[in-house]
Structure formats: structure tokens, C-alpha cells
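The values are calculated or read from the model by the stated rules, or taken from the named source; none is laboratory data. Computed from a predicted structure; not experimentally measured. Glycine gets a Cβ as well: all are built from the backbone with ideal geometry, and neighbour counts include every protein chain shown.
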Amino acid sequence: MIKNMKSANELKQLLQSIDRKSYPAYKALAGSWQFQGYLLVIDHVQGDPFASPSSLHVEIEGTRAGFPAAYYEKDCFRIALQDFLTRQISSQFEKYNFKAKGSGKSGLLSISRCGQEVLQRSACEIKNGKLTVRFQAGFPAFGRTINAGELQKILFEFLPSCVENSLFYEKLDKKKVEKCVFLSEDQEALRKILQKEGLVCFVANGSILPRKSGVSDKPLLNSVPFASPASMERTFLLPHHGEIKGMAVPEGVTLIVGGGYHGKSTLLEAIQSGVYNHIEGDGREFVITEDTAVKLRAEDGRSIRNVNISLFINDLPNKKDTVSFQTEDASGSTSQAAAVVESMEAGCKLFLVDEDTSATNFMVRDELMQKVIRKEKEPITPFIERVRDLYEKAGISTIMVAGSSGAFFYIADNILLMDCYKAVDITENVKTLCREYPAPRLSASGFFVPEFQRVFPSCKQNGKAGKEGKAIGGRPSGVRERHEHMKVKAYGLESFSLDKESVDVRYLEQLTDGEQTAALAYLLRLGLEKVFDGKRTVQQGVELLYDTLQKDGWEAFCSSYVPCGLAKPRIQELYACVNRFRQ
Ligand code: ADP
Ligand code: MG
């Protein structure tokens, strides 16, 4: 029994006793209440009916929820089940959202809205044999007066029914649950196959790649299913799905070419999203990509902090140092050069590049231009002259869409033509053709793998000293002394802010859910407050933060309670945020 835990009946009585009082009297409800079959915890009560809604969670013993033990224990099963349950309860909540009435957010009942990807969310966690489901509710009021009767409906009618219908195995379609966890095991198996076979991605035959629209991530109806060219087709055996056939892209440099509108970017986008698992019915369930893949793109205007971009850029006319390059306002080419080097620092093994979103002068320079602008006068060594060395000397593969310059043909191991959404392997034909034309300059001298020793500057601030929290990673705390916590705000896939400082995440194409943005904000906050002490390198700090998330969970990042609304990002996106924080 948890200390201070009271019965649901006591909650009901307390609730009735504060009816018609002024809103802050709701605060008395905070605490743990034992309901039939689950524990209800009211973590935080909103200050007034117009403020952010109150935070609550329910806890259910796993044995009581009754799912097979393996679903709780095996990582991929557990993650898939958490996602499944979040979707279940979310659809239950929809029935009751705003069914209790009142002013402001009275009656709101909400939990994470999951998209096409399976993510680990604070909304639902299975840990140590216990299910925790976090959500928000708007405590009802007339004006600013407590309406106990309406909250009673939420807590004693709506919620018990939602919990009962979505979190107990007995009440669910067992086949559906099984299908969902088995899919996750197949996806995991395919990820292992990629590693074992030296592949960077797999796109199953029959996959549906295009999305409904720029604003909907659902599959496009009546689209052309993917089919692998015979030369790249491989068959693998998955534990539940059985045999699966599709295009296996080996390590190295892969080029995707084709006329405009023939489906090149769509294929690349499906591949970049393949770092995540997708739900049944998405069409990309078996589009699986090397986990560390990073989409590289131009991002004018971003800030860059002490990045060695000299592989690509040297001798700038303003004599700026490119070995430790800094700017508050990057150009297209410097931003993309920095992205390459930062991604290497972040452990990336596969670059994804689309000419649509690249700086042309960063990618390639044609022969005539090479003649007109002599090498000594051109600060940029284009990507094309580094891409082979990146693979051969640094082990980083590239898949790129480049339909505008034939120069890329010479450096590619595999060339894929997209022809009316059909993938055709044209490697042999093109290589024959290449022999008839003189090759342009394809490689630059002086390749090296940069060292990643840059230190993240300490955020020690002057001003009022605040409470010192426990430091993580065994160093003294008090790196940041302004006040206890920076104020976190997240704006979907656009940006987040820490106090007044905003971090732009709009061009992190592999960030897939606004809840990841919120999580990144919390991660970076802990980084600034307790990890980046002016001595740790960026790499050490980011790894420590990410390890803390893996080991200690959301609790390590949140103040008094873990809210609903956080989703786990990849470490690559955490690096990207640290790199975009301006200070
Ligand atoms: P590209 O990059 O070659 O110019 P896109 O990938 O942007 O082409 O695709 C162009 C259009 O074709 C998009 O509207 C996309 O949704 C659609 N499309 C892509 N792949 C398919 C497909 N397999 N079946 C049907 N439509 C598709
Ligand atoms: Mg395109």
C-alpha cells in the first residue's frame, strides 16, 4: 500500500465538500486514490479553468491488466503494447472529451494523439510490471467556481469506463494486440538483418510510400505499390510474417535519379522515416532504415558553434576560421557542411540527401564552372568530391536524390531510376555510358575524419543564485544558477523555447511528433542546468543526457511529476538541438 493513499470514496466525499467553492480549492484533490482495479493519481491541479488542464495518471498492476508476461518483458513487445494502449485510451477519451461542461477547459479529457510511427511516450509506460497511463483533464467550473458534479462524472463515470475498456487484456481484441506486438518483432528482426547483411535500408515489395497530402501522413489511396528491381531484390525470413521480399540497399553510395514528379523524393522520405517503426496499415511497415540515418539539408540562417567544416569549406574571403567555424547566420552551403560534420559526431552511418533541399553549390560544381572559377578561388569542396571517402574512410553510406548532374553517376555504387513510381536498376547501363565520357573531378585530396573535442560552453549565469539540484554524471551541481528551472515551451514541429531562447527544429525532417520536440526541450534543459559545465564535450554531454533518459526515464527530466505529452526522440535529434541552441 502506498503511503497517504485513500479510497475513491474519500475522494468523492472530499469533492462534494468543495463544491461551489472558489477554484483553487480543487488543489485539495492532489494525491493518490484507490479505485476498483487501478490507482488514480492527481499529480497537478490547474490554477484556474483557463490554465493548462490538470495532470493525472492511473496505475494498474500488470498482473491485473492481464497481458501475457512476454508483452511486458521483451522490449519491442512492450513498446508496441504501450503504443497500442495509448491509441485505445485515446479513442475512448474522444467519446468523453468536453462531455462534462463548464467554462474554459472544463471537461477536457485528453492523451497523446499518436501518428503513424510507434514512439515511446510518457502517456503510457510499462515498467517493473506496472502500467502507468498519463493524461490531462480540465476540472470543471462555472466561471471560476468549482462544479464538483461535473468532475464527479469525469472521475467516477467516464474515466473508469475508459480504463476498463482499454487497459485490460480481457476487454481487448486479443488477435489485434498480438498482431501489433508481432509486427514489432518482425520489424526488429529486419533491423538486425540490415546490420548483419551490410545493408542500409530495406523497402518491401508492396509498400505504399506516398502520403495523402503535405499535412496528412496517412497512406495515399490508389497509389503504385513499391516493387524492387530484380537485381536488388532480397528475400528474408521474419519470425511472424514469414518470407518477405523487397529492395535491399547495400552500404555504399546509392543514387536515385529520374524525371521530375516520378517519385524520387517520396522514396527518400519513406527511407528517412524508416528509422522509426510504423503501425499496421501505414504502408511503410517494412520500410526499415539504418537507425542512425540523418537527412542532410540546407538550413540558411541557423547558428553553428565551433564546427570543423574544413573538409568542405576553406579560405573564406572574410578569412573566417573554418576549422572551428562559428556563425549566427549560416548560408545554405555552410549549414549543409556543418550538418555533415555534426552528423558524424552524432554517430550517423547513413546520409540521406535530396537535391530539392540541398544547396546546389554544396553538392556539385560542373566542369565548365571548374574551369571558370579556379580551385584556389573557390572555398567550397563539393559533397560529390567527399562522398566516396566518407564511405571508404569513415564508413558512412549515402543515399541521394540527384537528377540534375551526371557527375554523380561516376561515384555511385548503385543507381536507381524512378520511372513513373517504378524503381529500375540502371547501374550497369549508366556505368557503360560513363566510360564513353571523361569523368569530371570526383575526389578532393586531404580527407580526414574530424575530431570531436569541442566543448559545449557552460551556461553559468549571473544573477540570483537558485536551489542547487543533484548533478547527474558525478559532477558538482550548480552549473546554472539563475533559478531552479528554465521555462519550457514547445511549438509542435516548429520550435521550442527555454526561457526566452528559442531553438528552431523546423528543418529536422526526421523529428516526427511534436511530443518529441517537448522531450527535446526537457533534455536540453537538463543539459544546460546540470550537464554542460564548460568541461564536457558536446559528445560526452549528449551521450550522458541520452543515457540518463534510457536508464532513469522521464523522471530524470521533469520536476515534481512526469506529464503526458513527451515522446522519445533519437539521439541524432538531440545532437541537432544542442547544435542549434544559440545562447
Ligand atoms: P520527384 O521527387 O521525383 O519530383 P515526388 O516524390 O515528389 O517526385 O512525387 C511526385 C508526386 O507523385 C507526389 O505528389 C507523390 O505523392 C506522388 N507519388 C509518389 N510516389 C507515388 C506512387 N508510388 N504512387 C502514386 N503517386 C505517387
Ligand atoms: Mg523531389
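Can you find a residue in the stretch 351-369 that is part of a helix (DSSP H, G or I), in contact (Cβ under 8 Å) with a residue 40 or more places away in the chain and farther than 23 Å from Val257 by Cα? Looking for residues that are part of a helix (DSSP H, G or I), in contact (Cβ under 8 Å) with a residue 40 or more places away in the chain and farther than 23 Å from Val257 by Cα, one finds none in the stretch 351-369, hence no. Filtering the stretch 370-382 to residues that are charged (D, E, K, R) and in a helix (DSSP H, G or I) leaves Lys371, Lys375, Glu376, Lys377.
State whether the residues of the stretch 401-414 include one that is assigned to a loop (DSSP other than H, G, I, E, B), within 34 Å of the chain's Cα centre (by Cα), at pLDDT 95 or above and closer than 19 Å to Gly252 by Cα. Even if it seems obvious, please write down each step before you answer.
Just the residues of the stretch 401-414 that are assigned to a loop (DSSP other than H, G, I, E, B), to begin with: 402-405, 412-413.
Among the residues that remain, those that are also within 34 Å of the chain's Cα centre (by Cα) are: 402-405, 412-413.
Then drop every residue that is not at pLDDT 95 or above, which leaves 412-413.
Right, trim to closer than 19 Å to Gly252 by Cα and you get 412-413.
Yes.
With respect to Ser404, determine if the residue is within 16 Å of ligand 1 (Cβ to nearest atom) and farther than 21 Å from Thr289 by Cβ. Steps first, please.
Details: within 16 Å of ligand 1 (Cβ to nearest atom): yes; farther than 21 Å from Thr289 by Cβ: yes.
Answer is yes for this residue.
Taking the options Pro219, Pro210, Pro229, name whichever one is within 16 Å of ligand 2 (Cβ to nearest atom) and either within 31 Å of the chain's Cα centre (by Cα) or within 25 Å of Ile415 (Cβ to Cβ) (or both).
On the way: Pro219 fails: within 16 Å of ligand 2 (Cβ to nearest atom); Pro229 fails: within 16 Å of ligand 2 (Cβ to nearest atom).
Every option except Pro210 fails the conditions.
Matching residues to (1) crowded, with 19+ Cβ neighbours inside 10 Å; (2) more than 9 Å from ligand 1 (Cβ to nearest atom):
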| site | (1), (2) |
| --- | --- |
| Gly206 | no, yes |
| Leu209 | yes, no |
| Phe226 | yes, no |
| Ser231 | no, yes |
| Glu243 | no, yes |
| His278 | yes, yes |
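Scan the stretch 368-399 residue by residue and report those that are in contact with a helix residue (DSSP H, G or I) (Cβ under 7 Å, 6 or more places away or on another chain) and aliphatic (A, V, I, L, M). Across the stretch 368-399, the qualifying residues are Ile380, Ile384, Val387, Ala394, Ile396, Ile399.
Does the stretch 316-330 contain any residue that is surrounded by 23 or more Cβ atoms within 10 Å (Cβ to Cβ) and either away from ligand 1 (no atom under 15 Å from the Cβ) or among the aromatic types (Phe, Trp, Tyr) (or both)? Talk me through it step by step, then tell me what you get.
Here is the first cut: in the stretch 316-330, the ones surrounded by 23 or more Cβ atoms within 10 Å (Cβ to Cβ) are 330.
Restricting the remaining residues to those that are either away from ligand 1 (no atom under 15 Å from the Cβ) or among the aromatic types (Phe, Trp, Tyr) (or both) gives 330.
Scanning the stretch 316-330 turns up at least one residue that is surrounded by 23 or more Cβ atoms within 10 Å (Cβ to Cβ) and either away from ligand 1 (no atom under 15 Å from the Cβ) or among the aromatic types (Phe, Trp, Tyr) (or both).
Scanning the stretch 326-349 for residues that are charged (D, E, K, R) and under 16 Å from Ala394 (Cα atoms) yields Glu342, Glu345, Lys349. In the set (1) at pLDDT 95 or above; (2) surrounded by 15 or more Cβ atoms within 10 Å (Cβ to Cβ); (3) part of a loop (DSSP other than H, G, I, E, B), the condition left unmet by Ala521 is number (3).
Looking at the stretch 180-261, the strands (runs of 3 or more DSSP E) lying wholly inside it that each contain 2 or more residues that are without any contact (Cβ under 8 Å) to a residue 40 or more places away in the chain and not assigned by TED's automatic domain parsing to the domain that holds Cys348 sit at 211-213, 233-238, 242-250. Among the residues of the stretch 193-218, write down those that are out of contact with any strand residue (DSSP E or B) (no Cβ under 7 Å at 6 or more places or on another chain), farther than 23 Å from Leu350 by Cα and of a type outside the set (A, V, I, L, M, F, W, C). If the condition is that a residue be out of contact with any strand residue (DSSP E or B) (no Cβ under 7 Å at 6 or more places or on another chain), farther than 23 Å from Leu350 by Cα and of a type outside the set (A, V, I, L, M, F, W, C), then Gly206, Ser213, Gly214, Ser216 are the ones that fit.
Examine the stretch 349-357 for a residue that is within 16 Å of ligand 1 (Cβ to nearest atom), hydroxyl-bearing (Ser, Thr, Tyr) and in contact with a Lys or Arg (Cβ under 6 Å, 6 or more places away or on another chain), and state whether such a residue exists. Explain how you work it out, then say what you get.
The initial filter retains those residues of the stretch 349-357 that are within 16 Å of ligand 1 (Cβ to nearest atom), namely 352-357.
This time we only want the ones that are hydroxyl-bearing (Ser, Thr, Tyr), so: 357.
Those still in the list that are in contact with a Lys or Arg (Cβ under 6 Å, 6 or more places away or on another chain) too: 357.
Yes, because at least one residue in the stretch 349-357 is within 16 Å of ligand 1 (Cβ to nearest atom), hydroxyl-bearing (Ser, Thr, Tyr) and in contact with a Lys or Arg (Cβ under 6 Å, 6 or more places away or on another chain).
Give the residues of the stretch 262-284 that are of a type in the set (Gly, Ala, Ser) and either assigned by TED's automatic domain parsing to the domain that holds Leu508 or within 9 Å of ligand 2 (Cβ to nearest atom) (or both), sorted by residue number. Gly263, Ser265 - these are the residues of the stretch 262-284 that are of a type in the set (Gly, Ala, Ser) and either assigned by TED's automatic domain parsing to the domain that holds Leu508 or within 9 Å of ligand 2 (Cβ to nearest atom) (or both).
Among the criteria (1) buried (at least 23 other Cβ atoms within 10 Å of the Cβ); (2) modelled with pLDDT of 95 or more, the one Glu529 does not fulfil is (2). Of all residues in the stretch 410-433, those satisfying the criterion of being within 16 Å of ligand 2 (Cβ to nearest atom) and surrounded by 19 or more Cβ atoms within 10 Å (Cβ to Cβ) are Leu416, Leu417, Met418, Tyr421, Ala423.
Being aliphatic (A, V, I, L, M), within 13 Å of ligand 1 (Cβ to nearest atom) and either surrounded by fewer than 21 Cβ atoms within 10 Å (Cβ to Cβ) or modelled with pLDDT under 95 (or both) narrows it down to one residue among Leu268, Leu221; which is it? It is Leu221. Filtering Ser52, Ser112, Ser90 for residues that are hydroxyl-bearing (Ser, Thr, Tyr) and surrounded by fewer than 19 Cβ atoms within 10 Å (Cβ to Cβ) leaves a single hit, Ser52.
Considering only residues that are among the aliphatic types (A, V, I, L, M) and under 19 Å from Gln187 (Cα atoms), which ones fall in the stretch 86-123? Before you say what the answer is, go through the steps one by one.
First, the residues of the stretch 86-123 that are among the aliphatic types (A, V, I, L, M): 89, 100, 108-109, 111, 118-119, 123.
Correct list: Val118, Leu119.
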